[in-house]
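To start, the structure itself, in structure tokens.
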Amino acid sequence: RVPEPRNTDNFDFSSYHNLSEIYSFQDMLVAENPNLVSKIVIGQSYEDRPLNVLKFSTGGTNRPAIWIDTGIHSREWVTQASGLWFAQKIVTDFGRDPKLTAVLNQMDIFLEIVTNPDGYAFTHTNSRMWRKTRKPNPGSLCVGVDPNRNWKAGFGGPGSSGNPCSQTYRGPRAQSESEVNSIVRFVNSHNIKAFISIHSYSQLLMFPYGYTRTPIKDYTELDNLAQKAVTDLASLYGTSYKFGSIINAIYQASGGSIDWAYNQGIKYSYTFELRDTGRYGFLLPASEIIPTAQETWLALMTIMDHTLKNPY
Amino acid sequence: KETFNGHQVLRLVPKSDGHLSLIKDLHNMIEQELDIWREVSDVGFPVDIRVPVHQLKMVKRYLKAYDIQFSTMIKDLQVLLDEEQKAMESALA
């Protein structure tokens with residue numbers, strides 16, 4: 001049996017980790033940085049795993065906040081791996097990087113690294129290609145709901161499926177999945193000003209809407225900010241991203257998280273699709289985790305900095 | 001543990017609206033067998049599909065019959081998965 005790292009300095013960010021290693025990392029990070037990081041359990045998954053959110057805060061109550069989630073689709077391993085790197089980056093850069101420090105001096109950051117823990121555990125034990133949750137569907141042999149079609153934003157519309165065997169099965173009703181509903185309750189009870197949901201792959205940065213062609217009222221601002229974010233992202237390794245509304249950038253998708261967030265009044269709602277563009281797909285080699293996280297961080301900082309400087 | 005020996009990931013490039021419909025038709029025909037990695041969006045935008053080994057011949061024949069351009073993005077998925085597993089184990093060690 002290989003001993004687990006006893007502190008986050010020994011944690012290997014350049015390899016993929018199973019769920020228990022991720023949970024241990026979160027606990028270590030909290031223990032090492034009690035004045036900055038805390039862990040909030042916002043709910044339980046269908047299989048009773050905790051839905052952990054790391055809160056990065058320098059104090060205050062009900063501060064404006066930034067929400068970041070990674071890994072709502074369990075097989076997109078580079079997203080959970082990037083989430084771990086972001087968490088460490090926040091604690092190491094706070095007090096050193098002026099932009100991040102300014103954000104944390106006025107705002108909180110909430111980071112949910114494993115948004116779909118049942119699915120993630122299943123990818124390690126049974127099927128690496130599993131995408132959905134693990135809740136059984138009554139009357140069907142097929143298991144799970146696509147947690148990014150389960151939000152109350154055009155729920156049930158085109159770009160989602162009513163077939164429990166489909167990879168994009170929307171579930172029986174909006175927010176039926178505890179993994180989704182826990183975020184809904186949490187976000188609605190906090191002062192969230194930016195909502196960023198991270199997926200892989202295909203190198204895109206998108207904003208609402210996915211369920212309708214109607215442009216959002218903040219289209220120009222979000223489009224300009226997306227352009228700046230992808231430019232900053234590309235400045236590190238030249239990775240090329242496309243950007244735009246979900247429906248224009250990829251396809252119609254109903255019941256998605258950022259459409260819901262935007263309709264709740266969270267203006268800066270974005271979703272990423274991280275590397276790659278068609279060599280490895282969901283099987284991005286571990287050697288690309290850190291470069292992916294590093295470049296994504298630049299774009300995240302651009303969005304967070306803009307959110308700080310443009311209160312609403 | 002589910003294995004994916006011989007599964008290929010094909011990259012399709014639709015060149016017309018007709019191709020888009022044909023790819024959707026293919027997916028509808030064998031929805032539970034095909035795993036769409038990158039969904040159908042627009043003409044010129046790639047679509048990535050994981051095809052199980054027992055459906056490969058049929059799918060490739062279908063694509064050729066309708067002149068839908070495709071390439072093999074991943075030749076054998078299990079090979080990549082084995083490499084990934086080995087990398088994780090050696091990182092732990």
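The values are calculated or read from the model by the stated rules, or taken from the named source; none is laboratory data. A quick note: this is a predicted structure, and the numbers were derived from the prediction, not measured. Note: ideal-geometry Cβ built from the backbone for every residue, glycine included; neighbour counts use all protein chains shown.
For this structure, a couple of remarks:
- Tally, over segment A:195-215, of residues that are outside any strand (DSSP E or B), of a type outside the set (Ser, Thr, Tyr) and within 28 Å of residue A:279 (Cα to Cα): 3
- Spans of strands (runs of 3 or more DSSP E) in segment B:25-93 with at least 2 residues facing chain A (nearest Cβ under 10 Å) and small (Gly, Ala, Ser): none
- Selection from segment B:31-78 of residues that are surrounded by fewer than 15 Cβ atoms within 10 Å (Cβ to Cβ), of a type outside the set (Lys, Arg) and either in contact with a strand residue (DSSP E or B) (Cβ under 6 Å, 6 or more places away or on another chain) or within 24 Å of residue A:203 (Cα to Cα) (or both): B:42, B:43, B:44, B:69, B:71, B:72
- Which numbered condition residue A:159 misses (of (1) within 14 Å of chain B (Cβ to nearest Cβ); (2) at negative phi; (3) of a type in the set (Gly, Ala, Ser)): (2)
- Condition check for residue A:239: at pLDDT 95 or above, in a helix (DSSP H, G or I) and of a type in the set (Val, Ile, Thr): no
- Which listed residue is within 29 Å of residue A:210 (Cα to Cα), surrounded by 14 or more Cβ atoms within 10 Å (Cβ to Cβ) and not β-branched (Val, Ile, Thr), from B:81, B:20: B:20
- The set of residues from segment A:118-134 being among the charged types (D, E, K, R) and within 8 Å of chain B (Cβ to nearest Cβ) comprises just one member, A:128.
- When residue B:6 is tested against (1) farther than 20 Å from residue A:123 by Cα; (2) away from chain A (no Cβ under 13 Å), just one condition goes unmet, and that condition is (1).
- When residue A:254 is tested against the conditions (1) closer than 19 Å to residue A:150 by Cα; (2) away from every other protein chain (no Cβ under 14 Å); (3) of a type in the set (Ser, Thr, Tyr), the lone failure is (2).
- Of the residues making up segment A:122-136, those that are in contact (Cβ under 8 Å) with a residue 60 or more places away in the chain and either more than 21 Å from residue A:280 (Cα to Cα) or among the acidic types (Asp, Glu) (or both) are A:133, A:134, A:135.
- Matching residues, segment A:6-50, being assigned to a helix (DSSP H, G or I), at pLDDT below 95 and more than 27 Å from residue A:103 (Cβ to Cβ): A:10
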